[in-house]
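Novice: Quick one: the structure is below, questions incoming.
The values are calculated or read from the model by the stated rules, or taken from the named source; none is laboratory data. These figures come from a predicted structure and were not determined experimentally. Cβ: placed from backbone, ideal geometry, glycine included. Neighbour counts: every protein chain shown.
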Amino acid sequence: MVAANQWIKIKAPATVANMVCGFDILGFAVNNPYDEMEMRWMERSGEEPSITIINIDEYQLPTDPEKNVAGAALIALLEELDEKIKESTITKGISSPNTGKIPATTKIKFEVKINKLIKPGSGVGSSAASSAGAVVGANYLLGNLFSKDDLVRFAMNGEKLASGVKHADNIAPCIFGGVTLVRSIFPLEVVALPSPQLYVTIVHPQIEVRTADARSILRQKVLLKDAIKQWGNIAGLVVGLMKSDYDLIGRSLEDVIIEPIRSILIPGFDELKKACKQAGALGGGISGSGPSIFMLSKTKEIAIAVEKEMNQLYDGIGLPHHTYVTTINQAGVEVEA
Ligand code: HSE
């Protein structure tokens, strides 16, 4: 366990959820952008709050822990902490370095400084980075008492606050790194998937699409013929990743259920996708609930050519935007003492 009052540094990566056909179940982490956080624990006195959030960015997000996604995730962790300490004390013995000095929940306080470099509402897992970063940081401070699956469960409370629904397709890759499949949420089962070298180009048109809104426009029923196509693509994508079969990955990056509805919220979407594929991208689509769009490519040269197409299209229609050329992040949230 890290000593009281000692700050740790946390780096929480952006994530691309859905991975086109895997709505709410597939996602991957990227190396750029990422959020920076700092965190420490201290003895809590009297009626002091158990979580203090300090925003050091421009976004003016709420600092009330119940209204902040990092706070919501930490509240869930604190709710299970006493039980976990008790369990670890029984299984590992009272003198275990992991458990011996941890104060009960009522005596502990976390301070979290958040510097968001991932713009909220951009569609690349901004809320997931805050929630996941906070619980991975807290767990590190506590001597890694909880498993990664536990941390995903806690962090999903942040997603619930942000979008109204618990989903883990940003949280899981943010915590595990790489590409992840969320086979089930209740009970939670995350499967880490391998992937060949892939370059990721992301464009973030400067409009805001709220995840809650992008979810509320979706149909609740799907046609069987669409479901068949979709699960063929999901299976094809997973196999393509496991066999490093770039062509199969490319063919499987197709979404016949969500994209036709959500893409109307993103100016120039169809044209952009066509131009990127012509430039050599394997495929891509809406990142999370948008408005960002991502494309996967086999080489860095193609990823840069794809970025050029994105710039040209949005410059052409006069829509301010931001692009990233990056790779899949394999580490997930990183902590430095
Ligand atoms: N799977 C979620 C959605 C991700 O598409 O609504 C939100 O970032």
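Novice: What are the pairs with Cβ atoms under 7 angstrom where one residue, in region 208-236, is among the small types (Gly, Ala, Ser) and the other, located anywhere, is part of a helix (DSSP H, G or I)? Sequence gap at least six, or different chains.
Specialist: Matching pairs, first to second residue: Ala212/Ser163; Ala214/Arg262; Ala214/Leu265; Gly236/Leu248; Gly236/Arg251; Gly236/Ser252.
Novice: Give me a count of the residues in region 208-227 that are assigned to a helix (DSSP H, G or I), exposed (fewer than 12 other Cβ atoms within 10 Å of the Cβ) and modelled with pLDDT of 95 or more.
Specialist: Qualifying residue count for the region: 2.
Novice: Kindly indicate whether Ala168 is small (Gly, Ala, Ser) and either surrounded by fewer than 18 Cβ atoms within 10 Å (Cβ to Cβ) or outside the structural domain of Ile75 (by TED's automatic domain parsing) (or both).
Specialist: No; evaluated as a whole, the condition is false for this residue.
Novice: Exactly one of these conditions fails for Ala3: (1) buried (at least 24 other Cβ atoms within 10 Å of the Cβ); (2) aliphatic (A, V, I, L, M); (3) free of Cβ contacts under 8 Å to residues at least 40 places away in the same chain. Give me its number.
Specialist: Tallying (1) buried (at least 24 other Cβ atoms within 10 Å of the Cβ); (2) aliphatic (A, V, I, L, M); (3) free of Cβ contacts under 8 Å to residues at least 40 places away in the same chain, Ala3 fails exactly one: (1).
Novice: In addition: Exactly one of these conditions fails for Pro187: (1) touching a helix residue (DSSP H, G or I) at 6+ places or on another chain (Cβ under 6 Å); (2) in the same structural domain as Asn31 (by TED's automatic domain parsing); (3) away from the ligand (no atom under 14 Å from the Cβ). Give me its number.
Specialist: (1)
Novice: Looking only at region 190-207, count how many residues are in a loop (DSSP other than H, G, I, E, B) and within 16 Å of the ligand (Cβ to nearest atom).
Specialist: 1
Novice: Out of the residues in region 52-67 meeting the condition of being assigned to a strand (DSSP E or B) and among the aliphatic types (A, V, I, L, M), tell me which one is farthest from the ligand (Cβ to nearest atom).
Specialist: Filtering region 52-67 for residues that are assigned to a strand (DSSP E or B) and among the aliphatic types (A, V, I, L, M), the one farthest from the ligand (Cβ to nearest atom) comes out as Ile54.
Novice: While we're here: Residue under question is Gly240, and the condition is that it be surrounded by 21 or more Cβ atoms within 10 Å (Cβ to Cβ) and closer than 16 Å to Gln206 by Cα; does it hold?
Specialist: Criteria not met by Gly240.
Novice: Go through (1) surrounded by fewer than 20 Cβ atoms within 10 Å (Cβ to Cβ); (2) outside any helix (DSSP H, G or I) for Val182 and report which single condition fails.
Specialist: With (1) surrounded by fewer than 20 Cβ atoms within 10 Å (Cβ to Cβ); (2) outside any helix (DSSP H, G or I) applied to Val182, the lone miss is (1).
Novice: Turning to a different aspect of this structure: Does Asp213 satisfy the criteria of being within 16 Å of the ligand (Cβ to nearest atom), of a type outside the set (Phe, Trp, Tyr) and not assigned by TED's automatic domain parsing to the domain that holds Val179?
Specialist: The answer is yes for Asp213.
Novice: A further question on this structure: Suppose we filter region 17-34 for residues that are within 13 Å of the ligand (Cβ to nearest atom), assigned to a strand (DSSP E or B) and out of contact with any Ser or Thr (no Cβ under 6 Å at 6 or more places or on another chain); how many remain?
Specialist: Adding up the residues that qualify gives 3.
Novice: With respect to Ile264, is the statement that it is farther than 17 Å from Val200 by Cα and free of Cβ contacts under 8 Å to residues at least 40 places away in the same chain true?
Specialist: Considered against the rule, which asks whether it is farther than 17 Å from Val200 by Cα and free of Cβ contacts under 8 Å to residues at least 40 places away in the same chain, Ile264 comes out as yes.
Novice: Quick check on region 35-51. Is at least one of its residues within 16 Å of the ligand (Cβ to nearest atom) and either outside any strand (DSSP E or B) or in contact with a helix residue (DSSP H, G or I) (Cβ under 7 Å, 6 or more places away or on another chain) (or both)?
Specialist: yes
Novice: Right, here's the next one. Name the residues in region 247-264 that are over 15 Å from Leu193 (Cβ atoms) and in contact with a strand residue (DSSP E or B) (Cβ under 9 Å, 6 or more places away or on another chain), would you?
Specialist: Gly250, Arg251, Glu254, Asp255, Ile258, Glu259, Arg262, Ser263
Novice: Tell me yes or no: at least one residue of region 283-294 is away from the ligand (no atom under 16 Å from the Cβ) and closer than 17 Å to Phe28 by Cβ.
Specialist: yes
Novice: Quick one: would you say Ser289 is within 15 Å of the chain's Cα centre (by Cα) and in the same structural domain as Glu259 (by TED's automatic domain parsing)?
Specialist: For Ser289, the condition - within 15 Å of the chain's Cα centre (by Cα) and in the same structural domain as Glu259 (by TED's automatic domain parsing) - is met.
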